[in-house]
Amino acid sequence: MPKTSNQFADISDFADKAAELAAARQHLHAHPELSFQEHETAAYVAERLESWGYEVTRNVGGLGVVGRLRQGSGRSIAIRADMDALPITEATNLPYASQASGKMHACGHDGHTTMLLGAAEYLARTRHFNGTVNLIFQPAEEAGKGSGAQAMIADGLFERFPCDAIFGLHNHPGAPAGSFLMRAGPLMAASDTVTIKIAGRGGHASRPHLTVDPIVAAANIVMTLQTVVSRNVNPIETAVVTVGTIRGGTASNVIPEHAEITLSVRSFSAEIRDTLEQRIRSIAALVAQAHGATVEIDYERGYPVVVNSESETSFATDVAVELVGQDKVAVCPLIPGSEDFSYFLEHKPGCFLRLGNGEDSAILHSSKYDFNDGNLTVGAALWARLTERFLAA
Ligand code: ZN
């Protein structure tokens, strides 16, 4: 049965749920749980989904929860929200501030979870779609290595809950509340960490000719690494190679045996990511060799690049414009932070988008941050309408 645009979910459909959604969000905010410890949050989500008639699967990739709702024989969509908090002591003085000392929802995952629950209730009640809805509540987004997305995929997420496309969003401090930021192609950076240990031969500071000085070798490696982005990356592309620490030596009159530098490396394409690794390894080894030193390199790959597919981004942009109007939908700049939604996008086409948290919002991971409850109905309406449009009968 064809539907006209004005039959799809709108923000006004959630007006009478605004207070309930805010109460749910503030409950989650007061009870934050760190990565891999989201027991209460996962139970809270699963119980609600069950009460609305979802087929609920718990413990997908650890504490992940998937709620499935089937209606007819159409396509299948997945939408993901993250559930974990951070090891930060909250300093907001809000009445619903964290009750768990040293833990805080400082990245707004409490809001992401609540918006998706808001859409879940609406979709189960109205059922204006033809197909399968998979709502993915993911733990451990903040984990870095071995994150919740990787664990859910490894546990057969896409085989057990097949989908044609996947969507997710993150709130965005600094952008106007209720506005959407969209970008096709690369959106958020791959983030890699490198440790380079330089081994020389120690000795007396007054007898350098009898030593191999790892300090001088390290200094040369740091300077030569500055050529990676400037000489090996296409100038119309971008990347970051930052030497964050340099350590070595214990006294001014001693040439040490070892020195160590650590790097943070960011890139926005798989090709450039590979180029950076190859150049960093080569420079470290060959510069050290030129000094008679040797290196040991630990190159640890973190989350990959978040790459949005063209057609799903164009589709999500249309839905956002229908909801909030063209003047509240903008192109998102490249974001040098990283996000494990990238792993889902390596398997399925989809779109990760950003929802403005307000121009005066504290930044993410700050002890003063709070999710903007004014966005709860906007986000819930986005997911409901996007689902109805994607699964239009
Ligand atoms: Zn986050």
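The values are calculated or read from the model by the stated rules, or taken from the named source; none is laboratory data. Bear in mind the structure is a predicted one, so any value in this text is a computation, not a measurement. Here the Cβ is made from the backbone with ideal geometry for all residues, glycine too, and neighbour counts use every protein chain on show. When the accessible area is computed, the model is the full protein with side chains, heavy atoms only, and any ligands, DNA or RNA have been set aside. Shrake-Rupley method; radii C 1.70, N 1.55, O 1.52, S 1.80 Å.
Overview of results
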{"read-out": "Largest-first principal axis extents of the Cα set of segment 190-301 (Å)", "value": "48, 20, 18"}
{"read-out": "Straight-distance crosslink candidates among lysines, where the alpha carbon sits under 24 Å from Lys17 and sequence neighbours closer than 8 are dropped", "value": "Lys328"}
{"read-out": "Leu86 long-range amide H proximity, modeled H, under 5 Å", "value": "Met104, His105, Ala106"}
{"read-out": "Sequence-distant residues sharing a close amide H with Val233 (under 5 Å, placed H)", "value": "none"}
{"read-out": "About the Cα centre, charge dipole magnitude for the chain (Lys/Arg +1, Asp/Glu -1 at Cβ), debye", "value": "600"}
{"read-out": "Antiparallel bridge percentage (DSSP; both residues within the chain; nearest 5)", "value": "65"}
{"read-out": "For the chain: span of alpha carbons on each principal axis (Å, largest first)", "value": "84, 43, 39"}
{"read-out": "Linear extension gain, His204 paired with Val321, 0.36 nm per residue minus alpha-carbon span", "value": "35.2 nm"}
{"read-out": "Cross-link partners of Lys348 among aspartates and glutamates (Cα-Cα below 13 Å; sequence separation of 8 or more within a chain)", "value": "Glu159, Asp164, Glu310, Glu312"}
{"read-out": "Residue (of Leu286, His209, Val233) at the positive-pole extreme of segment 190-301, dipole from beta-carbon charges", "value": "His209"}
{"read-out": "Total formal charge among the other residues, if their Cβ is under 15 angstrom from that of Ala205, Lys/Arg +1 and Asp/Glu -1", "value": "0"}
{"read-out": "Charge dipole (segment 1-158, unit charges on Cβ, about Cα centre) - positive-most of Ala97, Ser73, His128", "value": "Ser73"}
{"read-out": "Choice from Ala106, Ala23, Ala251 with maximal GNM fluctuation in the chain (Cα, 10 Å cutoff)", "value": "Ala251"}
{"read-out": "Angle in degrees between helix 39-51 and the longest Cα principal axis of the chain, rounded to the nearest 10", "value": "20"}
{"read-out": "The chain - percent relative contact order, Cα under 8 Å, separation 6 or more", "value": "26"}
{"read-out": "Nearest-10 value in Å² for the accessible area of Phe390, using the 1.4 Å probe", "value": "10"}
{"read-out": "Karplus-derived 3J(HN,Hα), 6.51/-1.76/1.60, for each residue of segment 106-117, Hz, glycine and proline x", "value": "9, 10, x, 5, 4, x, 4, 5, 5, 4, 5, 5"}
{"read-out": "Cα-based shape type of segment 6-80, given that a ≥ b ≥ c are square roots of the gyration tensor eigenvalues and the cut on a/c is 1.5", "value": "oblate"}
{"read-out": "Cβ-Cβ FRET estimate between Ala393 and His365, R0 fixed at 51 Å, reported to 0.05", "value": "0.75"}
{"read-out": "Calculated [θ] (222 nm, deg cm²/dmol) that DSSP helices of n ≥ 4 give over the chain, each run adding -39,500 (n - 2.57)", "value": "-10000 deg cm²/dmol"}
{"read-out": "Degrees between helix 270-290 axis and first principal axis of the chain (Cα, 0 to 90, nearest 10)", "value": "20"}
{"read-out": "Residue among Asn375, Ser342, Phe390 farthest towards the positive dipole end of segment 272-393, charges placed on Cβ", "value": "Ser342"}
{"read-out": "Given charges at beta-carbon only (K, R positive; D, E negative), |dipole| of segment 190-301 in Debye", "value": "240"}
{"read-out": "Lysines with Cα under 23 Å of Lys368, excluding same-chain neighbours fewer than 8 positions away", "value": "Lys103"}
{"read-out": "Acute angle (nearest 10 degrees) that the helix 376-390 long axis makes with the longest principal axis of the chain, alpha-carbon atoms", "value": "80"}
{"read-out": "Cα centroid separation, segment 332-367 to segment 114-183 (Å)", "value": "13"}
{"read-out": "Relative contact order, percent, segment 190-301 [alpha-carbon distance under 8 Å, six or more residues apart]", "value": "44"}
